[in-house]
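Q: One structure is given below, represented as structure tokens, and several questions about it will come after.
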Amino acid sequence: MDNSHINHRFPFLMISHKLDGSESLDSRGHPSSDIQAPSELEDHDGLPAIGSISLVQHDASIEVLSDDVLLAVFGFYLASSSWDWHRLAHVCQRWRLIVFASSRSLDLQLYCTPRTPVKKTIDYWPAFPINIRCGRSRHADASCERLFPEDGDNVIAALQRHNRVRSIDLCLTYSVMEKLSTRVKEPLSELEDLVLRSISSRHFFPSNLPFRWSSRLRVLNLTDISLPSLPLLLSSSPNLVDLQLRRSSEFPPPVALANALSGMTRLESLSLLSDSFHHAGAPLPSGRRVILPALTQLKFRGYSQYLEGLVAEIDAPCLGKIDITFVGLVNSLSEIGQFINLIEAQRSHSRAEIRTNMNDISIWFTPGPSEFEYPSSPYFVLRIHRTRLNHQLSSMGFVCDLFPPFLLGTGDLGIVTRPPSSEQDDIDAENWLRLLRSFSRAERFYVAGELATDIMHALQRVDGDFATVLPALRKLYVAMESGSPCEAFQAAVASFKTARQLSGRPIEVECYSGTRLGTG
């Protein structure tokens, strides 16, 4: 076991692998009559077990440390290795007593996987909360360990300790889900985290989930699982902090979802991600607003009509991080514009960066040069997923016309382009100009990437009318990737600079290599 983090935090301590003579525990947590010599002692995974701690400057026994000091050391250790509390309990009787007596402050839990022989071992361990996990299912885009029918017995044995199950994180098949529905009868009164996804991204449409929970539930994450009873389940979960619905083909209507969220005063993160929202026409607002006072993160992927209907029903005054991807045609966004206009945290942005790639165009509004440099700061990201760049540019120009003025008033504007699809049509220069006209207050303009020459050629078509295209521009930063037609690009930049000079709106130009945009 690596104790470097303990030694780093407590430089006056060092670990020595020796026992204090107290009894040890066997693999089932029972006292062992045979105490191995220090040189022979190994933990269950082949690593040396933790022994006593000596002072660097004095050859003193660990017994000189009080229980409170040991508990503090244990807390630092378990903060980065929460699964390893059993190693501490195996060292000696004193450590075991301290660990077990402080199970709440150390947040001790039993971690059960489908391979854990729960029926055979669970009675040998203290009655700690149970955490049921299967692979890496919390990450929706990562592969997860398959839960086979025979593994369901171990999961069921853990679930039948219904008053101890705190967290569930599973990949499911239909057969396992049906088995759980018939054999797990009692509600999981202590459940706080529930993360479920179907195996191999096969969509499930169960009439209900195989679990019932109380109002203690804090996290609900469903991937490839659609539930007609979802609004009712959400209404009975007022303490949710994190709600994620991924790749669902049938979400509740916007009004029904807003009503289900109405009692969630603690909800901090909401993710609604799908490419196939079903809805019949434009939703009609109910006339009342649901306030989500703690919501700080919103992530959405789907049709613009659905989000329009949802934000017409809710207010989120503390929303700092917004990540929206529209799929398909973008219709009216009047409600979304009004929704953002009421969020004070979204008024701190000083930079807008337009990015294009093969299938998406996006605008990143951030407080500074790059959103990656401000991980805790507010940001607003809008993506439009279309197949052709002309359609992407046209849609984004339409969207910008509906943005609140404070978003478009940023002093820094950047464009970073990636190679488009080989099937792209010729790009209409007017689409670029319409988008740039939205940013009338930009003083610094950064252009980089494969399409930089096209952007500069589009700017040449302004014909001196710079009162509507970047009228406040003072400095232009340009960069080209290797292999690009540098002569054509340089000529376009020089022509643009001359045109600005003749129009009475001169600019400075700074050229550099690479695609990372400068800060001005």
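Taken together, the values in this text are just the output of simple stated rules run on the coordinates, not laboratory data. The structure displayed is predicted, hence computed values, not measured ones. Note: ideal-geometry Cβ built from the backbone for every residue, glycine included; neighbour counts use all protein chains shown.
Q: Net charge around ILE291, counting only other residues with Cβ within less than 12 Å of its Cβ (Lys, Arg = +1; Asp, Glu = -1)?
A: The answer is 0.
Q: Could you give the distance between the Cα centres of segment 103-119 and segment 450-467, to the whole Å?
A: That distance is 63 Å.
Q: On a full-extension model of 0.36 nm per residue, what is the gain between GLN460 and ALA127, subtracting their alpha-carbon distance, rounded to one decimal in nm?
A: 112.5 nm
Q: From the phi of every residue in segment 323-339, what ³J(HN,Hα) in whole Hz does the Karplus formula 6.51 cos²θ - 1.76 cosθ + 1.60 yield, where θ is phi - 60° and glycine or proline is x?
A: Listing the rounded values in order: 10, 10, 10, 9, 10, x, 5, 9, 9, 3, 10, 4, 5, 5, x, 5, 4 Hz.
Q: How do VAL176, VAL493 line up, fewest other C-beta atoms within 10 Å first?
A: In order of increasing Cβ crowding within 10 Å: VAL493, VAL176.
Q: When the chain is fully extended, how far beyond the present Cα-Cα distance does ASP275 get from ARG288, taking 0.36 nm per residue of separation?
A: Here the answer is 1.9 nm.
Q: Additional query: If I stretch the segment between PHE76 and GLN93 completely, what's the gain in nm (0.36 nm per residue apart, minus their alpha carbon distance), one decimal?
A: 4.1 nm
Q: If I model a spin label as a point 7 Å beyond the Cα along the Cα-Cβ vector, how far apart are those points for LYS119 and SER103 in nm?
A: It works out to 2.4 nm between the two label points.
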